[in-house]
1. Consider Gly195 against the criteria (1) surrounded by 12 or more Cβ atoms within 10 Å (Cβ to Cβ); (2) modelled with pLDDT under 90: it satisfies all of them except one. Which criterion is unmet?
2. Would you tally the residues in region 136-188 being in a helix (DSSP H, G or I), within 20 Å of Gln46 (Cβ to Cβ) and either among the hydrophobic types (A, V, I, L, M, F, W, C) or in contact (Cβ under 8 Å) with a residue 40 or more places away in the chain (or both)?
3. Hey, could you check region 35-78 for residues that are closer than 28 Å to Asp132 by Cβ and out of contact with any strand residue (DSSP E or B) (no Cβ under 9 Å at 6 or more places or on another chain) and say which is surrounded by the most Cβ atoms within 10 Å (Cβ to Cβ)?
4. Restrict the check to region 4-21 and report whether at least one residue is of a type in the set (Asp, Glu) and modelled with pLDDT of 80 or more.
5. With respect to Ser100, is the statement that it is among the polar types (S, T, N, Q) and within 14 Å of the chain's Cα centre (by Cα) true?
6. Of everything in region 165-185 that's crowded, with 17+ Cβ neighbours inside 10 Å and either out of contact with any strand residue (DSSP E or B) (no Cβ under 7 Å at 6 or more places or on another chain) or among the aromatic types (Phe, Trp, Tyr) (or both), which residue is modelled with the lowest pLDDT?
7. Determine, yes or no, whether Ala124 is out of contact with any Asp or Glu (no Cβ under 7 Å at 6 or more places or on another chain) and within 26 Å of Ala158 (Cβ to Cβ).
8. Scanning region 124-161 for residues that are more than 24 Å from Gly67 (Cβ to Cβ) and hydrophobic (A, V, I, L, M, F, W, C), which turns out surrounded by the fewest Cβ atoms within 10 Å (Cβ to Cβ)?
Amino acid sequence: MPPPLASARNPGAAAGGVDELAAAWRAASTVVVLTGAGMSTLLVTQNVDGLHERSGVPRERLVTIHGTDAAIECMECGRRDERALAQRAWEAGVAVPRCSCGGPWKPATISFGQSLVQADLHRALEAAGTCDLLVAAGTSLVVGPINEMVPLARRAGARSAILTASETPFDQLVDWKISRPLTEVLPALCALILG
């Protein structure tokens, strides 16, 4: 049976406070521990803030479905690079940092009207259809098509949990709905799972 799949988003980072950022980091670190222990095969995040990349989740076990602002992408040729490249050019006075092809750089995030990366979407949905446990953490599950991971996993026979304070369209579909803060729930689950 395949290991569980985690679908998560980082709570609190957008609030910007030091306490919220520290709590979000602890929650992300819990995901790293579970991934390292072979308890998570894939983390799918809607966040674009780069928290999961920085927390140590291996790239091969991470799908940033809405992209990441930790990288840049050329609007002409599609080349990707580290954000620091464009940041250095901007700090040096370049109004619009450009790729070597001449195209402007933009954060490697999915903008309104822009399609999701199909390979990432396929990878996320395929994992949902083959996991034995899907955990959706810190998300309202209203943004499609990625929210279809929950019913897809359930149709495939997986157990499922939603860990979020808000109501979601799938609360009645899952095995467990936990509304406590992720900063409490994730470390407690990690301790319980790893003994």
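1. The number of the failed condition is (1).
2. First, pick out the residues of region 136-188 that are in a helix (DSSP H, G or I): 146-155, 182-188.
Right, trim to within 20 Å of Gln46 (Cβ to Cβ) and you get 146-154, 182-183, 185-186.
Going one step further and asking which of them are either among the hydrophobic types (A, V, I, L, M, F, W, C) or in contact (Cβ under 8 Å) with a residue 40 or more places away in the chain (or both), we end up with 146, 149-150, 152-153, 182-183, 185-186.
Looking only at that region, the number is 9.
3. Ser55
4. At the first step, the residues of region 4-21 found to be of a type in the set (Asp, Glu) are 19-20.
Those left that are additionally modelled with pLDDT of 80 or more: none.
Among the residues of region 4-21, not one is of a type in the set (Asp, Glu) and modelled with pLDDT of 80 or more, which makes the answer no.
5. On the way: among the polar types (S, T, N, Q): yes; within 14 Å of the chain's Cα centre (by Cα): no.
Against the criterion (among the polar types (S, T, N, Q) and within 14 Å of the chain's Cα centre (by Cα)), Ser100 does not qualify.
6. This residue is Thr183.
7. yes
8. It comes out as Ala156.
The values are calculated or read from the model by the stated rules, or taken from the named source; none is laboratory data. Everything numeric in this text was worked out from a predicted model, so none of it was measured. Positions of Cβ are backbone-derived with ideal geometry, glycine not excepted, and every protein chain shown enters the neighbour counts.
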